[in-house]
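*Asks:* Before we start, here is the structure in question, set down as structure tokens.
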Amino acid sequence: MAGTKDNSVVAVVTALTQDQAAELTKEIIKAKNKYAPLSRGTIASGKNRDVGRLIQNGREQTQKCIKTTVKRKGGKI
């Protein structure tokens, strides 16, 4: 898989039981570690009513990671 690494994946899956959410989280982590072992990631799970807040918190954490990476690499990602 060649090319620039400038893509991300965001998924929202609703109507899950707590056990299903835990299993899906586990599988996502396994896939992330297999396909992108050096990448950073954020997973959040919670109630359907909190989806917007979970996405916003994940976005804020991602922006912090990007800013830290840019600082460490002298302005280059």
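The values are calculated or read from the model by the stated rules, or taken from the named source; none is laboratory data. Remember, predicted model here, so these are calculated numbers, not experimental data. Heads up, the Cβs are rebuilt from the backbone with ideal geometry, glycines too, and the neighbour counts pull from every protein chain shown. Side chains included, ligands, DNA and RNA excluded: accessible areas come from the protein's heavy atoms. Shrake-Rupley method; radii C 1.70, N 1.55, O 1.52, S 1.80 Å.
*Asks:* Give the residues of the range 37-52 that are part of a loop (DSSP other than H, G, I, E, B), surrounded by fewer than 12 Cβ atoms within 10 Å (Cβ to Cβ) and either in contact with a helix residue (DSSP H, G or I) (Cβ under 7 Å, 6 or more places away or on another chain) or small (G, A, S) (or both), sorted by residue number. Give the derivation first.
*Replies:* Applying the first criterion (part of a loop (DSSP other than H, G, I, E, B)) to the range 37-52 yields 37-47.
Add one more test, that the residue is surrounded by fewer than 12 Cβ atoms within 10 Å (Cβ to Cβ), and what stays is 37-39, 46-47.
Selection gives S39, G46.
*Asks:* Among the residues of the range 6-36, what is the count of those that are open to solvent by 70 Å² or more (accessible area, probe 1.4 Å), without any contact (Cβ under 8 Å) to a residue 12 or more places away in the chain and either basic (K, R) or part of a helix (DSSP H, G or I) (or both)?
*Replies:* 10
*Asks:* Could you check I55 against (1) touching a residue at least 40 places away in the same chain (Cβ under 8 Å); (2) assigned to a loop (DSSP other than H, G, I, E, B) and say which number it fails?
*Replies:* (2)
*Asks:* Answer yes or no as to whether R72 is out of contact with any Pro (no Cβ under 9 Å at 6 or more places or on another chain) and modelled with pLDDT under 80. Quick ask: steps written out before the conclusion?
*Replies:* Numbers: out of contact with any Pro (no Cβ under 9 Å at 6 or more places or on another chain): yes; modelled with pLDDT under 80: yes.
Spelling it out, R72 is indeed out of contact with any Pro (no Cβ under 9 Å at 6 or more places or on another chain) and modelled with pLDDT under 80.
Rundown of residues vs (1) under 15 Å from the mean Cα position of the chain (by Cα); (2) farther than 20 Å from E60 by Cα, yes/no style:
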position	(1), (2)
V12	yes, no
A15	no, yes
L24	yes, yes
N33	yes, yes
A44	yes, no
